Amino acid sequence: MKGICILGSTGSIGVSTLDVVARHPDHYKVIALTANTNIDVLFEQCQRFQPEYAVVVDETKAPLFIEKIKNSNIKNLTILSGSQALEEVARLETVDSVMAAIVGAAGLLPTLAAAKMGKTILLANKEALVMSGDIFMQTVEKSGATLLPIDSEHNAIFQCMPAHYKIGNKAPSVRRILLTASGGPFRETPVEELVHVTPDQAVAHPKWDMGRKISVDSATMMNKGLELIEACLLFNIAPDAIQVVIHKQSIIHSMVDYVDGSVLAQMGNPDMRIPIAHAMAYPERFDSGVSHLDIFEIAQMDFEKPNLERFPCLRLAKEAIETGGVMPTVLNAANEIAVEAFLNEQIKFTDIAVLIEKTMLYFTQEIVDNLTHVVQNFTDEQSSALNLILAVDAHARVETKTFMEAS
Ligand code: NAD
Ligand code: MG
């Protein structure tokens, strides 16, 4: 019996995780659930799963939640609020596994806290990994934490890796990774029409039902860009050895191409409960609740190369990982700001890539050196590296907003 903490339990991945947990009450006990603002869903989840802790990050919503709990039959629930509380519950002794399912940079510190404690980390929150890169991987290595990918592509790649493969290690027998992508809702939209795309059109993904931010990322293909960086880090592989493949049916979730010419693929219906159940049962298997794959119904599978003119965000992500250093942090921060602005109808769909590119160009070595100087006072190497990341993240957000206001 393992104790699980679900960071971001009210989101798409959080809800799917609880669906899997409910199928396996003898394997998992819910210790902690967390939400940013959605106290109604959190309340229902607390009623059903009886956790020991609930975190409401938004401090203005916490009093209402406390009131709701008081007036209910829920007993022995410790309620915390504020973002620090996320780290607190991620570190709890009774927690064995932490599902990192907060969206964006907000998930970094609690996920790192879990990594430092040597927990099993079920990683959905790709932004946390992209922004912190080596720091995250080194923390996992140092503490002996177990890192298991939830992102469907990375989970698929992990399943296709050699027996006993450990995340973070090099796999010399692997020639390259084929990272599949659905191509999102605008795979065939004429490029000149993309400027008119609305938030509602962008979040209507043809194959996956996801949160709003990742849905926009899928439409721009920044999601694949972030995943390319994620794959470089998780599988210790160069960006050149990763080929993005558009596969519109979303049945193959990625492939591993070996030196002997064998190509292994993982297939399944597009439902996140498959990778979630895989990681939760690992190294065993258990039921995910997903219907079986009917290959006769699929009948056909298509593969094509992505067009980087249609999807400039994918090109920018490639450039960021090739440049290295803090550039993936800059890319991620600029993207988070731009996507939020697009969802609030402040900018056009096509402005997302423009703003990210401007912010990346702004981050010259000189700017990074200045920031490095500011954070140098931190004594140990790890905390000064993390502080540089946090400083770059904050600075990139401000710059992206400045570029947005100027345009
Ligand atoms: P979502 O928007 O549905 O849910 C986000 C969760 O994070 C919610 O529980 C919300 O309360 C919490 N949250 C948001 N902002 C927060 C903040 N500032 N502080 C604390 N908590 C906050 O998102 P999602 O689709 O479930 O995605 C979650 C993560 O998983 C993302 O990083 C995404 O890239 C990744 N992911 C999602 C899918 C998918 O199918 N949804 C697939 C692969 C990877
Ligand atoms: Mg994915």
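Out of curiosity, is Ala171 aliphatic (A, V, I, L, M), open to solvent by less than 30 Å² (accessible area, probe 1.4 Å) and away from ligand 1 (no atom under 16 Å from the Cβ)? Steps first, please.
Values: aliphatic (A, V, I, L, M): yes; open to solvent by less than 30 Å² (accessible area, probe 1.4 Å): yes; away from ligand 1 (no atom under 16 Å from the Cβ): yes.
It is true that Ala171 is aliphatic (A, V, I, L, M), open to solvent by less than 30 Å² (accessible area, probe 1.4 Å) and away from ligand 1 (no atom under 16 Å from the Cβ).
Being away from ligand 1 (no atom under 13 Å from the Cβ), in contact with a strand residue (DSSP E or B) (Cβ under 8 Å, 6 or more places away or on another chain) and in a helix (DSSP H, G or I) narrows it down to one residue among Val21, Val41; which is it?
On the way: Val41 fails: away from ligand 1 (no atom under 13 Å from the Cβ).
Going through Val21, Val41 in turn, just one is away from ligand 1 (no atom under 13 Å from the Cβ), in contact with a strand residue (DSSP E or B) (Cβ under 8 Å, 6 or more places away or on another chain) and in a helix (DSSP H, G or I): Val21.
Scan Ala163, Ala171, Ala202 and give me the residue that is within 19 Å of the chain's Cα centre (by Cα) and not assigned by TED's automatic domain parsing to the domain that holds Leu331. Can you show your working first?
Details: Ala163 fails: within 19 Å of the chain's Cα centre (by Cα); Ala171 fails: within 19 Å of the chain's Cα centre (by Cα).
Checking each option against the conditions leaves just Ala202.
Looking only at the stretch 341-391, count how many residues are open to solvent by less than 30 Å² (accessible area, probe 1.4 Å), more than 21 Å from Glu192 (Cα to Cα) and assigned to a loop (DSSP other than H, G, I, E, B).
Final tally of qualifying residues: 1.
So Glu44 clears everything in (1) more than 24 Å from Gln84 (Cβ to Cβ); (2) crowded, with 17+ Cβ neighbours inside 10 Å; (3) away from ligand 2 (no atom under 16 Å from the Cβ) except one condition, right? Which one?
Every condition holds for Glu44 apart from (2).
If only one of Ile229, Ile242, Ile252 is open to solvent by less than 30 Å² (accessible area, probe 1.4 Å), within 14 Å of ligand 2 (Cβ to nearest atom) and within 12 Å of Val174 (Cβ to Cβ), which one is it? So that I can check it myself, show each step before the final result.
On the way: Ile229 fails: within 12 Å of Val174 (Cβ to Cβ); Ile252 fails: within 12 Å of Val174 (Cβ to Cβ).
Ile242 is the lone residue from the list that is open to solvent by less than 30 Å² (accessible area, probe 1.4 Å), within 14 Å of ligand 2 (Cβ to nearest atom) and within 12 Å of Val174 (Cβ to Cβ).
If you take the residues in the stretch 141-168 that are away from ligand 1 (no atom under 13 Å from the Cβ) and among the hydroxyl-bearing types (Ser, Thr, Tyr), which one is farthest from Lys224 (Cα to Cα)?
Among those that are away from ligand 1 (no atom under 13 Å from the Cβ) and among the hydroxyl-bearing types (Ser, Thr, Tyr), it is Ser143.
Can you tell me which residue within the stretch 52-67, out of those that are closer than 18 Å to Pro110 by Cα and open to solvent by less than 60 Å² (accessible area, probe 1.4 Å), is nearest to ligand 1 (Cβ to nearest atom)?
Val57
Just for the stretch 206-222: of the residues that are free of Cβ contacts under 8 Å to residues at least 60 places away in the same chain and buried (at least 19 other Cβ atoms within 10 Å of the Cβ), which one is farthest from ligand 2 (Cβ to nearest atom)?
Of the residues in the stretch 206-222, the ones free of Cβ contacts under 8 Å to residues at least 60 places away in the same chain are 206, 215, 218.
Adding the requirement that they be buried (at least 19 other Cβ atoms within 10 Å of the Cβ) leaves 215, 218.
Numbers: Ser215: 12, Ser218: 8 Å.
Filtering first and then ranking leaves Ser215.
Is it true that some residue in the stretch 253-273 is in a helix (DSSP H, G or I) and either within 16 Å of ligand 1 (Cβ to nearest atom) or in contact with an Asp or Glu (Cβ under 9 Å, 6 or more places away or on another chain) (or both)? Give the steps one after another, and end with the answer.
Initially, the stretch 253-273 is screened for residues in a helix (DSSP H, G or I), giving 273.
Filter once more, so that each one left must be either within 16 Å of ligand 1 (Cβ to nearest atom) or in contact with an Asp or Glu (Cβ under 9 Å, 6 or more places away or on another chain) (or both): 273.
Looking for residues that are in a helix (DSSP H, G or I) and either within 16 Å of ligand 1 (Cβ to nearest atom) or in contact with an Asp or Glu (Cβ under 9 Å, 6 or more places away or on another chain) (or both), one finds at least one in the stretch 253-273, hence yes.
Of all residues being under 23 Å from Glu284 (Cα atoms) and buried (at least 23 other Cβ atoms within 10 Å of the Cβ) in the stretch 105-124, which is farthest from ligand 2 (Cβ to nearest atom)? Just the residue, please. Please lay out each step first, then the result.
Taking the stretch 105-124 first, the residues under 23 Å from Glu284 (Cα atoms) are 114-115, 118-124.
Okay, now just the ones that are also buried (at least 23 other Cβ atoms within 10 Å of the Cβ), so 114-115, 119, 121-124.
Details: Ala114: 21, Ala115: 21, Lys119: 22, Ile121: 17, Leu122: 14, Leu123: 12, Ala124: 9 Å.
Checking each candidate, the answer is Lys119.
When you go through Ser12, Ser81, Ser16, Ser72 one by one, which is the residue that is within 13 Å of ligand 1 (Cβ to nearest atom) and over 28 Å from Asp209 (Cβ atoms)?
Details: Ser12 fails: over 28 Å from Asp209 (Cβ atoms); Ser16 fails: over 28 Å from Asp209 (Cβ atoms); Ser72 fails: within 13 Å of ligand 1 (Cβ to nearest atom).
When all the criteria are applied, what remains is Ser81.
Listed residues Ala338, Ala334, Ala320; which is at pLDDT 95 or above, in contact with a helix residue (DSSP H, G or I) (Cβ under 9 Å, 6 or more places away or on another chain), buried (at least 23 other Cβ atoms within 10 Å of the Cβ) and over 24 Å from Ser384 (Cβ atoms)? So that I can check it myself, show each step before the final result.
Details: Ala334 fails: over 24 Å from Ser384 (Cβ atoms); Ala320 fails: over 24 Å from Ser384 (Cβ atoms).
When all the criteria are applied, what remains is Ala338.
It is to be established whether one or more residues within the stretch 12-29 are surrounded by fewer than 22 Cβ atoms within 10 Å (Cβ to Cβ), within 16 Å of ligand 2 (Cβ to nearest atom) and modelled with pLDDT of 95 or more.
Within the stretch 12-29, one or more residues are surrounded by fewer than 22 Cβ atoms within 10 Å (Cβ to Cβ), within 16 Å of ligand 2 (Cβ to nearest atom) and modelled with pLDDT of 95 or more.
Does any residue in the stretch 252-280 that is in contact (Cβ under 8 Å) with a residue 60 or more places away in the chain and assigned by TED's automatic domain parsing to the domain that holds Ser9 come within less than 7 Å, Cβ to Cβ, of a residue that is open to solvent by less than 10 Å² (accessible area, probe 1.4 Å) and within 16 Å of ligand 2 (Cβ to nearest atom) six or more places away or on a different chain, and which pairs are these?
So the pair list comes out empty.
Would you mention how many residues in the stretch 136-168 are open to solvent by 20 Å² or more (accessible area, probe 1.4 Å), of a type in the set (A, V, I, L, M, F, W, C) and more than 23 Å from Arg285 (Cα to Cα)?
Final tally of qualifying residues: 1.
What is the number of the single condition among (1) under 27 Å from Met255 (Cα atoms); (2) not in a loop (DSSP other than H, G, I, E, B) that Pro110 does not meet?
(1)
For Arg212, all conditions in the list (1) more than 17 Å from Ala317 (Cα to Cα); (2) in contact with a Cys (Cβ under 9 Å, 6 or more places away or on another chain) hold save one; what is the number of the exception?
(2)
The values are calculated or read from the model by the stated rules, or taken from the named source; none is laboratory data. Keep in mind it's a predicted model, so treat the numbers as computed, not measured. Cβ atoms come from the backbone with ideal geometry, glycine included; neighbour counts cover every protein chain shown. For accessibility, only protein heavy atoms count, side chains too; no ligands or nucleic acids. Shrake-Rupley method; radii C 1.70, N 1.55, O 1.52, S 1.80 Å.
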